[in-house]
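The values are calculated or read from the model by the stated rules, or taken from the named source; none is laboratory data. Nothing here was measured: the structure is a model prediction, and the numbers come from that model. Here the Cβ is made from the backbone with ideal geometry for all residues, glycine too, and neighbour counts use every protein chain on show.
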Amino acid sequence: MSTTSTPKVGRSGREVSSLETIFSCDRCGRTFQNGRSYAGHRTSCLGRNALANPEVHRRAMEKRSQNLEYCARLAERMRGAKNPAKRPEVRAKIRKGWDHEVRLPYGRGAGGKGRGKTTSEKEAWRILEPLRFVSEHRVLTGSKKGGGRATWYSLDFAQPNRKLAVEVDGSSHQNRAEVDERKDAFLVAHGWTVLRIPADLVLEARGWLMERCSLSRPLLPGVERFSTLR
């Protein structure tokens, strides 16, 4: 920064009086009448000039190269045998933890329950996990939040690629028949097959489930309910 008594011309083209302060950049020589403009310019000018220094530029490129090499090594490790999640004992521990998982509360427009699996759901999961089902699969409805309709539905268990869903109905479903009907209607309209099992009949439904979920069995959109009175 410099103060001068001789008239100077600023960037606007007007003459600056001897009482005004001229801010001059000692790196590029540009002059400023405003302290804020000068401060902003000096920050950016400092960065540009620093990279113009061969030694600074070399260190910056070396650090960038090291970061890229680290990311490449990490990606290779996660893809290869060094990934801990690929070890059988680790995978067994992960699967065991699914029975004790803690879920975050769901949104108001959701069909999920926002808590851990019930005993009946755990029994159903032991049957369905080997059949490549996923737990708590979300299906978006396309409705906007606050519109009075569910923005998404949560399926207890599902095979998304086949559009096959399994719902375990506990005692709470007796008071929400309308909600379940709307959920089923939406899923069927979008090509889903929904299998509903009463929570107290999960073990009895094992054979029925295995038959309905067989890959050789063609799936048609609709709702099927398990009952001992068949």
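Acidic (Asp, Glu) and over 26 Å from the mean Cα position of the chain (by Cα): is that true of Asp156 in this structure? So Asp156 fails the test.
Okay, residues lined up against (1) modelled with pLDDT under 90; (2) touching a helix residue (DSSP H, G or I) at 6+ places or on another chain (Cβ under 9 Å); (3) more than 21 Å from Leu128 (Cβ to Cβ):
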residue	(1), (2), (3)
Asp180	yes, yes, no
Lys183	no, no, no
Leu187	no, no, no
Trp192	no, yes, no
Leu195	no, yes, no
Ala199	yes, yes, no
Arg212	yes, no, no
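Looking only at residues in region 52-98 that are among the acidic types (Asp, Glu) and more than 29 Å from the chain's Cα centre (by Cα), the one that is modelled with the highest pLDDT is Glu62.
The single condition among (1) farther than 19 Å from Val179 by Cβ; (2) assigned to a loop (DSSP other than H, G, I, E, B); (3) at pLDDT below 75 that Arg108 does not meet is (1). Among the residues of region 128-135, are any of a type in the set (Ser, Thr, Tyr) and free of Cβ contacts under 8 Å to residues at least 40 places away in the same chain? Within region 128-135, one or more residues are of a type in the set (Ser, Thr, Tyr) and free of Cβ contacts under 8 Å to residues at least 40 places away in the same chain.
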